Amino acid sequence: MSFTIFLLPLISAFIGWFTNWIAIKMLFHPKEPKRFLGITIHGIFPKGQKQFAQKLGILVASELLHFDEIANKIADPSQLQQVKPFIEKHIEHFLEHKLKEKLPVISMFVGAGTLDKIKEGLLEEIDALLPQLMQQYAENLKSKIDIEAMVTEKVAHFSSDKLEEILVSIMKKEFRFVEIIGAVLGFVIGLLQILITIL
């Protein structure tokens with residue numbers, strides 16, 4: 001029996017790895033349609049990029065990113081409390097400095113105690129107004145922003161290289177696993193061929 005028969009598992013492993021490697025490459029290449037022996041060959045993702053972009057847009061808008069959730073986050077009282085110190089500081093600066101510039105006559109008759117009460121009143125009004133204001137702002141944004149259209153347009157206009165870079169960076173381990181599985185299955189098939197030949 002020829003010794004070369006024992007190379008079958010290695011040859012089969014290489015073929016298994018190589019065919020899977022080619023299959024993965026053909027997800028992205030060729031980027032433009034090419035004719036070969038009367039057959040048009042075109043990478044799966046470049047060919048279906050517009051359909052992929054549209055489906056991704058629908059998925060993101062319907063399953064991943066609801067505008068109502070964004071609106072609720074914007075108008076969340078705990079979020080608004082984080083901007084309150086900035087607002088308070090701005091009001092203090094206005095009452096202590098700019099009021100004298102804007103209304104010098106009135107500022108002469110207003111003492112520190114009155115300024116504190118004005119500040120307190122303004123902050124109470126802002127506390128009541130801000131959630132409604134932010135809710136209205138979020139509603140206006142919702143009517144103007146179409147998440148599905150934004151995602152679809154962005155992905156549809158990616159260059160083929162950019163799309164490949166993104167998908168490979170996400171699925172690098174999975175692609176490598178597919179290549180290894182091809183090699184393992186090829187090796188097993190090679191062993192089976194040896195067994196069949198011997199028996």
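Nothing in this text is a laboratory measurement; each read-out follows from the coordinates by a stated rule. Everything numeric here is computed off the predicted structure, so don't read it as measured data. Heads up, the Cβs are rebuilt from the backbone with ideal geometry, glycines too, and the neighbour counts pull from every protein chain shown.
Values computed for the structure shown
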quantity: Subset of segment 158-179 [outside any helix (DSSP H, G or I) and surrounded by fewer than 12 Cβ atoms within 10 Å (Cβ to Cβ)]; calculated: SER159
quantity: Residue within segment 48-56 that is exposed (fewer than 13 other Cβ atoms within 10 Å of the Cβ) and assigned to a helix (DSSP H, G or I) present; calculated: yes
quantity: Top-ranked residue of segment 19-47 - restricted to ones that are among the charged types (D, E, K, R) and part of a helix (DSSP H, G or I), ranked as nearest to GLU153 (Cα to Cα); calculated: LYS47
quantity: Single condition LEU37 does not satisfy, out of (1) on the phi < 0 side of the Ramachandran plot; (2) hydrophobic (A, V, I, L, M, F, W, C); (3) surrounded by fewer than 16 Cβ atoms within 10 Å (Cβ to Cβ); (4) free of Cβ contacts under 8 Å to residues at least 60 places away in the same chain; calculated: (1)
quantity: Only one of ASP146, ASP127, ASP161 that is closer than 29 Å to ILE24 by Cα, of a type in the set (Asp, Glu) and out of contact with any Cys (no Cβ under 6 Å at 6 or more places or on another chain); calculated: ASP161
quantity: Subset tally (residues that are in contact (Cβ under 8 Å) with a residue 40 or more places away in the chain, loosely packed, with under 14 Cβ neighbours inside 10 Å and either outside any loop (DSSP other than H, G, I, E, B) or touching a helix residue (DSSP H, G or I) at 6+ places or on another chain (Cβ under 7 Å) (or both)) for segment 1-18; calculated: 3
